[in-house]
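*Asks:* Would you mind keeping the following structure in view while I ask a few things?
Read-outs throughout are calculated quantities, based only on the coordinates presented, and are distinct from any laboratory measurement. None of the values given here were measured: they were computed from a predicted structure. Note: ideal-geometry Cβ built from the backbone for every residue, glycine included; neighbour counts use all protein chains shown.
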Amino acid sequence: MVSLRKIILFASICFLLTINALSQKTHSYWLNYRHGYLLEHFDADEQLSQLTPFGLEFSYLKHLNGTETWHQLYGFPEVGFSLYWFNLDQPEILGNSFGATITLQSYILRKKRTQISFKIAPGIQVGTKKYHKETNPLNLYYSTFLSTVMEANLIYHYILSEKTKINFGLSATHASNGAIMLPNKGLNTFSITAGLAFTTGSYLDNSFMKNPSPYDYQKSWQFDVESSIATKRANYDDLDNDIALTFSTYANKRVSRRSALFLACDVFYNKSVRDMVDKENPNLYRVGLSFGHELIVSNVSLITELGVYIFRPEKIDKPIYQKYALRYYLTPNIFGLWRLKTHLGKADTMELGLGFRVLGAKKHSR
């Protein structure tokens, strides 16, 4: 039940982040067909090689018209939700997946008839054929019905009429439970998309577009501390979840209205290490140094981070790690976070946490 609570909480946070934006008047409906390739893992069974999933996606989006400065900074984006279905091309082992994501679609280019946009969409996914030791031992991709999902799309749009446009794009999707239960190789899908979009407004009306308003932000160094918690299983047969904790300190520098760069020091405690090494008293701690980028969208931030362990007494993982996080700033100096930690694409933990900006916060700094 721990995994279910985390996933529901994460989806609820994403929903709350977009509920105000969905009060905008102009909205659109999208229907896309998707066909792709499932990235196979090196130890996957031969039956799971060269799979080509396909599916449908429906999206409901509302257009942001510049009432807030960040709307202008991100090309007057669209915000909403998407529902999708995928046939994973191996019904007896992998089954089907059904997902729901919160969508932020930012426009990189706008011309009279053509547009290019980039979409980020976190959410949840349900799989119909999870791993079972006896009845489905070949599915090493997922072992829980519910997983979190992160999707990125690059989309080309051609406007057919005032109300209609066609879309073509490339999509990358990752679904994982963060090693809450094993096995958890994760579903990594790369696909092409094609579809139609309809709007209640006008795709030909760009009168709302204007240059970004003057906007101040904190230019000096800022310092954050944060802690997070996760649960993790050491192996397939382990029935108990162990606690994993992370404590991090950050020194970050705002480099533009949308971006900040940072250096960080991480201390990790992972109780499941006891079951991964053959010794009586293993060291459960690791220390790492990392650097990364914070993409700032109003009170929400997307964190991408690359780190290396400088203290790793138990060699159970790769020496390099990545962290991908969503922050929500409750106040200028308090934020909640959801984070996925990986080792070169292999999920390690899925974490929830709380952080504080201990130096450098100002009310206008977002």
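*Asks:* When a footprinting reagent is the concern and you count Cβ atoms within 10 Å, what order do 224, 278 take, fewest first? Walk me through the numbers before you get to the answer.
*Replies:* Values: 224 22, 278 5.
By the 10 Å Cβ count, ascending, the order reads 278, 224.
*Asks:* Quick one: if you stick a label point 7 Å off each Cα along the C-beta vector at residue 261 and residue 295, how many nm between them?
*Replies:* Computed distance between label sites residue 261 and residue 295 equals 1.8 nm.
*Asks:* If you don't mind, another one. If you build a Gaussian network model of the chain, linking Cα atoms that sit under 10 Å apart, which residue out of 337, 64, 51 swings the most?
*Replies:* Looking only at 337, 64, 51, the biggest GNM fluctuation is shown by 51.
*Asks:* Kindly provide the helix-only [θ] at 222 nm of the chain, computed as the sum of -39,500 (n - 2.57) over DSSP H runs of four or more divided by all residues, to the nearest 500 deg cm²/dmol?
*Replies:* -2000 deg cm²/dmol
*Asks:* Can I ask one more? Tell me, 141, 328, 131 in order of fewest to most beta-carbon neighbours within 10 Å?
*Replies:* So the ranking, lowest neighbour count to highest, is 328, 131, 141.
*Asks:* Where does segment 287-366 land on Rg(C-alpha)/(2.2 N^0.38 Å)?
*Replies:* Details: Rg = 14.2 Å, N = 80, 2.2 N^0.38 = 11.6 Å.
Dividing the Cα radius of gyration by 2.2 N^0.38 Å gives 1.22.
*Asks:* Assuming a viscosity of 0.890 mPa s and a temperature of 25 °C, what translational diffusion coefficient in µm² per second does Stokes-Einstein assign to the chain, Rh being the Kirkwood radius over Cα pairs?
*Replies:* Diffusion coefficient, whole number: 112 µm²/s.
*Asks:* Using the Karplus equation 6.51 cos²θ - 1.76 cosθ + 1.60 (θ = phi - 60°), what ³J(HN,Hα) coupling, rounded to whole Hz, does each residue of segment 135-140 give in order, writing x for Gly and Pro?
*Replies:* 8, 8, x, 7, 7, 8
*Asks:* Follow-up. According to a simple spin-label model (label point 7 Å from Cα along Cα-to-Cβ), what is the distance in nm between residue 320 and residue 87?
*Replies:* 3.8
*Asks:* Okay, next question. Suppose every Lys and Arg Cβ carries +1 and every Asp and Glu Cβ carries -1, with no other charges. What dipole size does the chain come out with about its Cα centre, to the nearest 20 debye?
*Replies:* In total the dipole reaches around 1640 debye.
*Asks:* Additional query: Over the alpha carbons of segment 29-171, what is the largest minus smallest coordinate on each principal axis, giving the biggest first in Å?
*Replies:* Largest first, segment 29-171 extends 56, 27, 25 Å along its Cα principal axes.
*Asks:* To the nearest 0.05, what FRET efficiency results for residue 280 and residue 354 with a Förster distance of 30 Å applied to their C-beta separation? Walk me through the intermediate numbers first.
*Replies:* Values: r = 34 Å, r/R0 = 1.15.
For R0 = 30 Å, the calculated efficiency reads 0.30.
*Asks:* From the phi of every residue in segment 240-250, what ³J(HN,Hα) in whole Hz does the Karplus formula 6.51 cos²θ - 1.76 cosθ + 1.60 yield, where θ is phi - 60° and glycine or proline is x?
*Replies:* 10, 8, 9, 8, 10, 10, 9, 10, 9, 10, 10
*Asks:* Report, largest value first, the span of the C-alpha coordinates of segment 221-359 along each principal axis, in whole Å.
*Replies:* The Cα atoms of segment 221-359 stretch 49, 27, 26 Å along the principal axes, largest first.
*Asks:* May I pose another question? Is the shape of segment 93-234 best called rounded, prolate or oblate, per the rule: a/c under 1.5 gives rounded, else a/b larger than b/c gives prolate, else oblate, with a ≥ b ≥ c the square roots of the Cα gyration tensor eigenvalues?
*Replies:* Oblate shape, in that a/c is at least 1.5 and b/c is the bigger or equal ratio.
*Asks:* Of 62/253; 130/279; 271/318; 232/318; 62/112, which pairs sit farther than 26 Å apart, going by alpha carbon to alpha carbon? Could you put the intermediate results ahead of the total?
*Replies:* Details: 62/253 32 Å; 130/279 32 Å; 271/318 18 Å; 232/318 17 Å; 62/112 20 Å.
Over 26 Å Cα-Cα: 62/253; 130/279.
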